[in-house]
Structures are given as structure tokens and as C-alpha cells.
Amino acid sequence: MPAVIDRGTLLSRPRDGEDLLHQVAELCLSHFAPGTVSMQKGNFSAGTEFILVGFSTFPHLQMMFFLLFLLMYLFTLLGNLLIMATVWSERSLHTPMYLFLCALSTSEILYTLAITPRLLADLLSTCRTITWKACASQMFFSFTFGFTHSFLLTVMGYDRYVAICHPLRYNVLMSPRGCACLVAWSWVGGSVMGLVVTTAIFHLTFCGPNEIHHFACHVPPLLKLACGTDVPVVAKGVGLVCIMALLGCCLLILLSYAFIVAAILRIPSAEGRHKAFSTCASHLTVVIVHYGFASVIYLKPKGPQSLEGDTLMGITYTVLTPFLSPIIFSLRNKELKTAMTKTFLSKLYPEKI
């Protein structure tokens with residue numbers, strides 16, 4: 001386990017249980033009274049805790065943030081579960097497109113579980129410490145499910161390309177076994193990305209203050225706590241891997257839609273063109289939202305930015321994007337919306353179905 005340097009007198013190794021409790025208490029207090037405990041860079045210890053600063057810089061707005069994020073989190077869970085239940089119960093939706101949508105909903109649920117519960121707990125907590133292992137686990141799962149989401153969106157773009165550009169070969173190219181392989185490889189790819197990023201970051205040596213100026217164990221604020229000659233190399237390597245993966249997925253989706261648009265324009269009737277494009281509308285909208293907010297996080301220009309601004313910017317990708325996705329698919333996908341209405345009515349008014 002890489003070394004983490006704590007602060008001042010907390011660097012001494014505890015001799016008994018009382019010393020350990022005393023150190024933890026001082027660590028929590030030092031978060032609310034910065035400067036009361038000095039930091040000595042030359043000392044190293046096996047400290048295993050970070051402090052998530054998060055929204056503590058907005059003391060008067062924390063309860064409002066808690067209620068807002070809680071409602072968005074519950075809606076995200078319920079929306080995705082509703083999509084999965086509808087696809088499962090409606091036999092007409094047992095197609096590759098909706099199989100991928102169920103996998104996408106699963107990745108969104110797991111992604112929000114990796115970040116949002118901890119965020120909500122910290123908004124009500126006074127001591128926001130997180131252990132080294134918990135921080136590494138959160139980073140691994142958030143990157144795994146985040147990149148799985150990107151890979152699944154790419155697979156869904158390929159599915160729409162085959163459906164519109166090669167309709168006669170659709171059942172062969174998108175066979176049940178082929179679809180299962182695409183979903184499985186998306187999860188494998190996401191897991192590899194999560195493992196690579198997490199391993200690279202947590203093999204660094206951390207020194208200086210142990211305060212993470214974010215509400216989650218995100219890469220940039222953790223890199224600011226690391227020291228050593230290999231930090232710039234790791235930072236550039238992780239950034240390059242993430243950007244290449246996101247841009248690669250984005251370019252494949254754009255290529256799919258370039259062929260889709262060309263095929264749609266060759267359809268003679270306006271009704272046929274509208275029907276073909278409507279099958280892509282929800283996916284395309286989610287892609288724009290997903291990559292739009294992702295670019296804000298990963299492609300923002302370097303420069304002096306406030307910590308509060310970075311924290312609020314992180315909400316767009318970690319909370320807002322999963323919140324919007326089930327809404328978009330529910331409203332923009334006519335077949336899914338009809339099936340949801342039918343499912344609800346069958347539960348509430350079975351005699352009318």
C-alpha cells in the first residue's frame with residue numbers, strides 16, 4: 001500500500017487505542033479549523049484516510065443540496081428500474097436494442113450507487129473521512145461503470161447502424177449470442193479501464209494535506225495530493241487513456257450516424273425517413289448529453305479555477321447525466337413509452353386492459 005502523509009503530530013505511529021482515537025479526533029477537527037495542525041512534508045506514515053471536502057464550502061446550502069440530490073438519485077433508480085421492468089415484462093421489447101438499454105440502465109444504477117450514497121451521507125456528516133481502500137474502491141467502480149456506459153452507448157450506435165443500413169442482415173449480425181458478447185465485452189472493457197486508472201493513481205505516494213477537494217475520489221484532486229517525479233507521467237498517462245477511450249467511442253458513434261444519415265436520406269418518403277430517424281432519437285440525445293458533460297470534465301482547458309466551481313461541475317456528470325438518461329429514453333422512445341403506459345395501466349386498472 002502506498003504511503004499517505006498525514007498532518008503534523010498525527011504522523012506519529014499510535015501506541016495504543018487511546019492514541020488512535022485522539023488522532024482521529026484531531027484529524028476531523030483539523031478539517032474544520034485549517035491551520036491548527038501543521039504539515040511537515042519530510043515525514044511519511046502509513047496513514048490510511050483522506051477527507052472529502054465536497055460541499056462543506058457551501059455550509060448554508062448543504063441541506064438544500066441533500067434534498068435535491070436525494071430526489072434526483074431516487075428518480076434515477078426508479079426510472080432505470082422501471083425501464084428494466086418494462087422491457088422484461090413486455091415481450092415485444094425483447095429485441096437487441098432494448099437488451100442494450102437494460103444493460104445501460106444497469107450500468108447507470110451501479111454508477112450512481114458507487115458515488116451518490118456517499119455524497120448524500122457526507123452532506124449530513126461532520127467528519128467526512130474516507131479510508132484509503134474505500135477511496136480506491138470508489139474510484140474503481142465509478143470508472144468501471146462510467147466507461148461501461150460509454151461502451152454500451154457505442155454498441156447501441158452500432159445496433160442502430162445495422163438496423164437501418166443492413167436491415168436484411170440484422171438478425172444475423174445481431175444474434176442473441178452476438179448481442180450477449182457485445183454487452184460482455186463492454187463490461188470487460190469498463191473493468192479494465194477502472195483497474196488501469198485506479199492502479200496507476202493508487203500506486204503513487206501521497207504527501208501534503210490529505211484533503212480531497214471534491215465530493216468523490218476523483219483523479220485530478222488526488223493527483224494534487226501526490227508527490228514524486230512520476231506524478232506528471234501518471235497524470236498524462238491517465239488523462240491520455242481516458243480521453244482516447246472517450247474520443248474513440250465518440251468517433252465510432254459519429255461514424256455510425258454518418259452512415260445512418262446517409263441511408264435515411266436515400267429513403268424516398270418523408271414518413272419513412274421520420275420513422276427511421278425516430279428509432280435513433282433517444283439514443284442520439286443521450287449520447288449528446290453524456291459526451292457533452294464528459295467533455296466538460298475531461299476536456300476543459302487548464303487554468304485557475306475555483307474549488308467550488310470544480311465541485312459543482314462534477315455534479316453535471318455524476319448526478320445530472322444519470323438523472324436525465326431515463327427521462328430521455330422514456331419520453332423520446334415511442335415504443336418504450338407505450339409499453340410503460342400499458343404496464344402501468346395494467347397494474348392500476350386491470351379491467352381496462
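Report the trypsin sites (Lys or Arg not before Pro) located in the range 38-137 that are in a DSSP loop and have at most 12 other Cβ atoms inside 10 Å of their Cβ, or state none. Within the range 38-137, the qualifying trypsin sites (Lys or Arg not before Pro) (loop, at most 12 other Cβ atoms within 10 Å) are K41.
Take the Cβ atoms of L70 and D230, set R0 to 45 Å, and the FRET efficiency comes out at 0.65. The local environment of A262, defined by Cβ-Cβ distances under 14 Å, has a net charge of +3 under the rule Lys, Arg +1 and Asp, Glu -1. Potential lengthening of the chain between E335 and F277 amounts to 19.5 nm, from the contour at 0.36 nm per residue minus the alpha-carbon distance. Backbone amide hydrogens, once placed in the peptide plane, bring C207 within less than 5 Å of I5, A226, C227, excluding anything fewer than 5 places away on its chain. Given R0 = 22 Å, the distance between the Cβ atoms of L255 and V172 translates into a calculated FRET efficiency of 0.55.
Ordered by 1.4 Å accessible area with all protein chains kept, L113, L246 run largest first as L113, L246. Proximity of backbone amide H atoms, modeled 1.01 Å from N, is registered between I212 and I51, L52, V53 at under 5 Å, excluding neighbours fewer than 5 places apart on the same chain.
Centroid-to-centroid, using Cα positions, the range 222-257 and the range 153-174 are 29 Å apart. Among the trypsin sites (Lys or Arg not before Pro) found in the range 193-280, those both in a DSSP coil and sparsely packed, with 10 or fewer other Cβ atoms within 10 Å of their Cβ, are R266.
Summary of the geometry: the range 192-208 and the range 105-136, compared by the centres of their Cα atoms, lie 18 Å apart. Please report the carbon-and-sulfur percent of the accessible area for the range 81-190; probe 1.4 Å, protein heavy atoms only, DNA, RNA and ligands left out. Answer for the range 81-190: carbon and sulfur cover 70 percent of the accessible area. Averaged over its residues, the range 91-209 has an accessible area of 41 Å² per residue, based on protein heavy atoms and a 1.4 Å probe. For the range 44-127, applying the loop criterion from DSSP together with a ceiling of 12 other beta carbons within 10 Å to the chymotrypsin sites (Phe, Trp or Tyr not before Pro) yields no site.
The values are calculated or read from the model by the stated rules, or taken from the named source; none is laboratory data. It should be emphasised that the depicted structure is a prediction, and the values quoted were computed from it without experimental measurement. A quick note on method: Cβ atoms are made from the backbone with ideal geometry, for glycine too, and the neighbour counts reach across all protein chains shown. What goes into the accessible areas is simple: the full protein's heavy atoms, side chains included, and nothing from ligands, DNA or RNA. Shrake-Rupley method; radii C 1.70, N 1.55, O 1.52, S 1.80 Å.
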